[in-house]
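Just below is one structure, and these are the notes that go with it.
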Amino acid sequence: MTEQQLPSWADPSVSPAELDPQGLSRRGLLRRAGLFGAAFALGGATVPAAAAEQRLGGHDPHLAYLVGDHHVHSVYSHDAKYTFSQQARAAAKYGLDWMVFNEHSNFGHANYGAKLEHAEIVKARAENPRQLIFQGLEWYIPAAEHCTVFAAPGPHETDLLTQFELAYDGKLLGYTEGSGGATDTARNEAHAVKAIKWLAEQRRSGYVDDVLVLANHPLRLGIDSPHEMRNWRDAAPEIMIGMEGAPGAQGAAIPGWRGATSIRGEYENKPTAQSWAGYPADAYLTYGGFDWATATVGGLWDALLAEGRLFTITTNSDNHRTVFDTWKNGDWPAGQNFDNTGKLPDPVNTDVAQPGSDFWPGEFSRTHVGVTRYGYRAVMAGLRAGRVWLDHGHLLDGLDVRLKRDCDAGRGVTLGGRLRVRKGERISLYVTVTTASRPNPQGVLPELAHVDVIRGAVRGPVTDRDSWRAPDTKVVRTMDVSGRKGTYTLRIPLTAGDESFYVRLRGSDGNRHGAGYLGASVDPNGPIPHPPGDGDPWADTWFYSNPIFVDVTGA
């Protein structure tokens, strides 16, 4: 692989005059963190997850946040449209530092497409070393829906994906619920767990440097049950690290575009015989563009966090077909199809808007990953450590979160970390916001209206592994930040009670909110569903952060 180069905003050799306002803003964040220049070096050094220590407090490093998307499709997926280079150019245009080409599994991909795409990825890495490009697979989970699977670059990254695809993909094996009119749920669920353990073994053995798995659009079909998600996580928590908090297809409900029944994320499904029966009908919607599992304060994501274990959330484009785009799929030459080529014909421009629900990578949805160095393994380590926040519509330029004991002078811990404190001790949450410095791709300068602090008790593993409720989680503080510009820090005082807990953040442009799904006493100003066919994503944007855990000791 060719030598990497720092992204322009982090490269001291690039003049500030060559950067746009957002690049200057990101460079400013790097300077304030003390990471500009040589301190933010190239290389694959990892950022280890914050470990629970015996001493009180915690001391995490300063971070720079790399922006990315782990769910992008190209002509190497049977249902997509764009060339590899079209997607990579769009990602560069919209400021992504890293991206994962996450192609659908099938025999054409396993036999032909994965190797063809790998050659394009290797070439792109050489031609644009400022962009980190991963190769991935969209895994059809036995008994469930989809996951992103991707590995660190190396001699076996493609072989790992194709071996995994042929041995463990539910679609290729027929191990999907309802396949052939019958189910074998116990076998299918067990095979999904076996698959994740196999990936973990490839990492332990050194066959690949690293590999990660994230569940995609978990409540779109309602077939990812709570117990399955817990089983996947428990099989190898260092591999199965989380889920999409918000799906792609965010342009699906632009008024007048796809139809009167359209929902953001293409969450237009109703429960079927294959859906898990314990989900309410309202679970099959998005709330402010976010999956019900994430958007519901006290819901499924909080139920997982309330066990005291990290489960990271992300967002992404899931780009197949961009809204208002004029390209269409090319025609197949005689005798060719996806099964015998592994690649669609290149698209053709029609000059007429074509059907689509997606945005380009980085155009609307962004996942920000905290790192101390620039490189592939650093991104993967940051994801695993939970040093992640996400936004829609370029709502923020930057976010830095620290939780500290009031008696400590250190930096404290950040997203995904653990702070160890005494019962009754006073602690403070410091939230540094950098507001949007330029109009977003829609031509709107985003404005953050409020920041919500969500707190939940940590009670340990649950007896009922299908439980999706965290009854002790709620919004404990809402701060009105309307009109504030530039970079500012909010200090939120907290007190450690008798039991361990976690805190996480959320905020929005304030355009659409109401009582959360579990009621105003839990979430008075949460995201709400839009009317079918009337979900302009640019007019309803949110940010979410991963949690920080607080381990309370009586000592």
Evaluated at q = 0.09, 0.15 Å⁻¹: base-10 log I(q)/I(0), Debye formula over Cα of segment 1-148: -0.39, -0.90
Solvent exposure ordering (accessible area, 1.4 Å, most first) of Met99, Met479: Met479, Met99
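Where nothing but the Cβ of Lys and Arg (+1) and of Asp and Glu (-1) is charged, how large is the charge dipole of the chain around its Cα centre, in debye to the nearest 20?
Computed about the Cα centre, the dipole is about 1820 debye.
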Heavy-atom accessible area of Arg384 with all protein chains present, probe 1.4 Å, nearest 10 Å²? 50 Å²
Evaluate the Debye formula for segment 245-288 with equal point scatterers sitting on the alpha carbons, no solvent, and hand back log10 of I(q)/I(0) at q = 0.25 Å⁻¹, in q order, two decimals. -0.91
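Where Lys and Arg each count +1 and Asp and Glu each count -1, what net charge lies around Pro247 among other residues with Cβ under 9 Å from its Cβ?
Net charge around Pro247: -2.
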Measuring from the lowest to the highest alpha carbon on each principal axis, how far does segment 231-356 reach, largest first, in angstroms? 55, 37, 28
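Rank these by accessible area, largest first, 1.4 Å probe: Ser13, Ser25.
Largest to smallest exposure gives the sequence Ser13, Ser25.
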Taking the Cα of Arg465, stepping 7 Å toward and past its beta carbon, and measuring to each backbone N in segment 212-242: which are under 11 Å? 226-235
Tell me which lysines have Cα within less than 22 Å of Lys423's Cα, excluding those fewer than 8 residues away on the same chain? Lys404, Lys474
Kirkwood Rh (inverse of mean 1/r, distinct Cα pairs), the chain, angstrom: 23.6 Å
Could you let me know the centre-to-centre spacing of segment 349-367 and segment 66-111, using Cα atoms, in angstrom? 13 Å
Solvent exposure, largest accessible area first (probe 1.4 Å, DNA, RNA and ligands not counted), of Thr495, Thr294: Thr495, Thr294
With +1 on each Lys and Arg Cβ and -1 on each Asp and Glu Cβ, how big is the dipole of segment 83-145 about its Cα centre, in debye rounded to the nearest 20? 300 debye
Rolling a 1.4 angstrom probe over the protein chains, ignoring ligands and nucleic acids, what is the accessible area of Arg89 in square angstrom, nearest 10? 150 Å²
Beyond 21 Å (Cα-Cα) in this structure, taken from Lys123/Lys197; Lys81/Lys343; Lys123/Lys343; Lys81/Lys115, we find Lys123/Lys197
Go ahead and estimate [θ] at 222 nm for the chain from helices alone: -39,500 (n - 2.57) per DSSP H run with n ≥ 4, summed, over the residue count, rounded to 500. -5500 deg cm²/dmol
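Using the eigenvalues of the Cα gyration tensor, what equivalent ellipsoid semi-axes result for segment 386-496 when each is taken as the square root of five times the eigenvalue, whole Å, largest first?
Those come to 29, 20, 13 Å.
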Accessible area of Ser482 in the full protein assembly, 1.4 Å probe (Å², nearest 10): 70 Å²
What is the distance in Å between the Cα centres of segment 228-307 and segment 207-225? 12 Å
Whole percent per 10 Å bin, from 0 to the bin with the longest distance: what is P(r) over all C-alpha pairs of segment 291-341? 17, 25, 20, 17, 18, 3
With θ taken as phi - 60° and the coefficients 6.51, -1.76 and 1.60, list the Karplus ³J(HN,Hα) couplings across segment 482-498 in order, rounded to whole Hz; mark glycine and proline as x. 3, x, 7, 10, x, 10, 9, 10, 9, 10, 10, x, 9, 10, 6, x, 7
Calc'd 3J(HN,Hα), segment 91-107, phi into Karplus 6.51 cos²θ - 1.76 cosθ + 1.60 (θ = phi - 60°), Hz, glycine/Pro = x, comes to 4, 5, 4, 9, x, 7, 8, 8, 7, 10, 7, 10, 7, 5, 7, 5, 5
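The values are calculated or read from the model by the stated rules, or taken from the named source; none is laboratory data. Source: prediction; values computed, not measured. Here the Cβ is made from the backbone with ideal geometry for all residues, glycine too, and neighbour counts use every protein chain on show. Accessible surface is based on the protein model in full, side chains and every heavy atom, while ligands, DNA and RNA are left aside. Shrake-Rupley method; radii C 1.70, N 1.55, O 1.52, S 1.80 Å.
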